[in-house]
Amino acid sequence: MAKVFLKDVQKVYDNGFAAVKGASLDIADKEFMVIVGPSGCGKTTTLRMIAGLEEISGGTITIGSRVVNDVPPKDRDIAMVFQNYALYPHMTVFQNLAFSLKLRKYPKAEIKKRVSEVAEMLDISSQLDKKPKALSGGQRQRVALGRAIVRNPAAFLFDEPLSNLDAKLRVTTRAELKALHRRLNTTSIYVTHDQAEAMTLGDRICVMYNGEIQQVAAPMEVYDKPVNRFVAGFLGTPPMNFLKGKISSSDGKNVFILTDGDIVELKNDNGQLKSYMEKEMVLGVRPEHFTVEPFAGQSNNGIKSQVNVVEPLGDRKDVYMSSRSGQKFIANLDPHTAIDVDHQVTMYIDINKAHIFEPGETGKNITISKN
Ligand SMILES: Nc1ncnc2c1ncn2[C@@H]1O[C@H](COP(=O)(O)OP(=O)(O)OP(=O)(O)O)[C@@H](O)[C@H]1O
Ligand SMILES: [Mg+2]
């Protein structure tokens, strides 16, 4: 059991590329932290630095109460599970599970006890005599997990461990992993580019982009209060819509004037909108915060739009729209909403749930109050 603490950790590869640009992250003992972000943002690099497989170019990494900057991987007391879990093909499942304990010269009886406990936990007890090639993908992944668990390390590091599984198995294994963490209560750092995995597994999630940590918070907080446009657009499917326009005031009220001319009234603010008056900004609206009927008390917050595509998905209807000036957005409606392709409709926004961002890829969310 251990906390893991990254302070201003940097990685510049030999070719001069800065893959991680000063990451600070405080992972509590027993916490399940998910690092999520698009391909190439520096997730694996960060994890490998924690594992000691990659030298750090700056900063400090602490595991437990020990700075491990110069501690070799084998002495860091952590176990890593990779995407390509690389079991030893010539060994049986039992031998695969026992391998690291054998290396550490555990007594035979202790190895047997630990392996059977872990096999029981992962429901692979009946597979112990088989070789990996005789197992299904899901069973192999469980053996890989078992190999990590059997050592009882201070922390687990996972690098996209489910990405080789098919969609259905990924969902069930994800749930098993969550249950397993509740049982073992070992500090875990889990890397994925899959936002659904991040939301469902993490006690907290750490969103990375371009080698930088953008936000660290509980999943729903990241979803409801994204600190910037990148985070807002990264979590959620379909993603948040971004509509261009400017903040202005009309009849003493703050409004957002879309480039299309439609005007939506903004909720009361703490004065933070003042410095953005008449500036180009971006209105962020999640697909589920549109409807064809106005929200209570918001009868003016409609955008006149054209319906381009309607996708009935059973539990909802995703509707692809474009505004009069051609701004595209997706609304996620009740599946029984009557709406036809090529028709003109007014889409209403629940402004209480909308966000306003500064322009640019990582434009700051100015609507979340800082207290
Ligand atoms: N050995 C290396 N030398 C130079 N650049 C590297 C090296 N390893 C990785 N990079 C670069 O560093 C960046 C981060 O790589 P990293 O593997 O950490 O990304 P990632 O977030 O894990 O992506 P993915 O989701 O695709 O696995 C990438 O742009 C990658 O090309
Ligand atoms: Mg990676």
Q: Taking all pairs of distinct Cα atoms, average 1/r, flip it, and tell me the Kirkwood hydrodynamic radius of the chain in Å to one decimal place.
A: 23.2
Q) In the range 1-102, with Lys and Arg counted as +1 and Asp and Glu as -1 at Cβ, which of these residues, Phe32, Thr92, Val4, has the Cα nearest the positive end of the dipole, that is, farthest along it? A) Thr92
Q: Place the peptides 186-194, 88-96 in order of packing, highest mean first, counting for every residue the other Cβ atoms within 10 Å and averaging per peptide.
A: 186-194, 88-96
(Q) Probe radius 1.4 Å, ligands and nucleic acids ignored: give me the carbon and sulfur share of the accessible area of the range 90-178 as a rounded percent. (A) 53
Q.
I want to check the label-to-label distance for Lys112 and Ala196. Put each point 7 Å from Cα in the C-beta direction and report it in nm to one decimal.
A. 4.4
Q: At 0.36 nm per residue, minus the direct Cα-Cα distance, what do Asp340 and Glu358 gain on full extension? Give it in nm, one decimal, please.
A: 3.1 nm
Q | Ratio of the Cα radius of gyration of the range 139-274 to 2.2 N^0.38 Å, where N counts its residues | A | 1.45
Q: Mind running the shape call on the range 240-357? Use the C-alpha gyration tensor, a ≥ b ≥ c as the square roots of the eigenvalues: rounded below 1.5 for a/c, prolate if a/b tops b/c, oblate otherwise.
A: prolate
Q | Semi-axis lengths, Å, the range 84-161, gyration tensor of Cα atoms, sqrt of 5 times eigenvalues | A | 18, 15, 11
Q: Quick one, can you get me the convex hull of the C-alpha atoms of the range 176-245 expressed as volume per residue in Å³?
A: 98
Q | Net dipole in debye of the range 76-159 [+1 Lys, Arg Cβ; -1 Asp, Glu Cβ; about Cα centre; nearest 20] | A | 340
Q: Please report, as a whole percent, how much of the solvent-accessible surface of the range 214-371 comes from carbon and sulfur atoms (probe radius 1.4 Å).
A: 48
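Listed highest first by mean packing, meaning other Cβ atoms within 10 Å per residue, what order do 141-154, 240-253 come in?
Per-residue Cβ counts within 10 Å, averaged per peptide and sorted highest first, yield 141-154, 240-253.
Keeping every protein chain present and rolling a 1.4 Å probe, give me the accessible area per residue for the chain in Å². Don't jump to the answer; show the numbers that get you there.
On the way: 17970 Å² over 371 residues.
In whole numbers, the chain has 48 Å² accessible per residue.
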Q. Magnitude of the Cβ-charge dipole of the chain, K/R +1 and D/E -1, about the Cα centre, nearest 20 debye?
A. 1680
Q) Which angle from 0 to 90°, rounded to the nearest 10, does the C-alpha axis of helix 137-149 make with the longest principal axis of the chain? A) 70
Q. Between Ser57 and Asp70, what is the spin-label point distance in nm, taking each point 7 Å from the Cα along the Cα→C-beta axis?
A. 2.2
Q. Over the chain, what is the percentage of antiparallel beta bridges among all DSSP beta bridges, to the nearest 5?
A. 75
(Q) What whole-number distance in Å separates the alpha-carbon centres of the range 42-68 and the range 229-260? (A) 38
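Give the percent of DSSP beta bridges with both residues in the range 240-357 that are antiparallel, rounded to the nearest 5. Please report the intermediate quantities before stating the final value.
Working: 38 of 39 bridges.
Within the range 240-357, antiparallel bridges account for around 95 percent of the total.
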**Q.** C-alpha long axis of helix 93-103 to longest principal axis of the chain, angle in °
**A.** 70
Q) Residues with amide H under 5 Å of Val255's amide H, sequence separation 5 or more or different chain, H placed in the peptide plane at 1.01 Å from N; which? A) Ser248, Ser249, Ser250, Leu266
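The values are calculated or read from the model by the stated rules, or taken from the named source; none is laboratory data. Nothing here was measured: the structure is a model prediction, and the numbers come from that model. Cβ atoms come from the backbone with ideal geometry, glycine included; neighbour counts cover every protein chain shown. Accessible surface areas use protein heavy atoms only, side chains included; no ligands, DNA or RNA. Shrake-Rupley method; radii C 1.70, N 1.55, O 1.52, S 1.80 Å.
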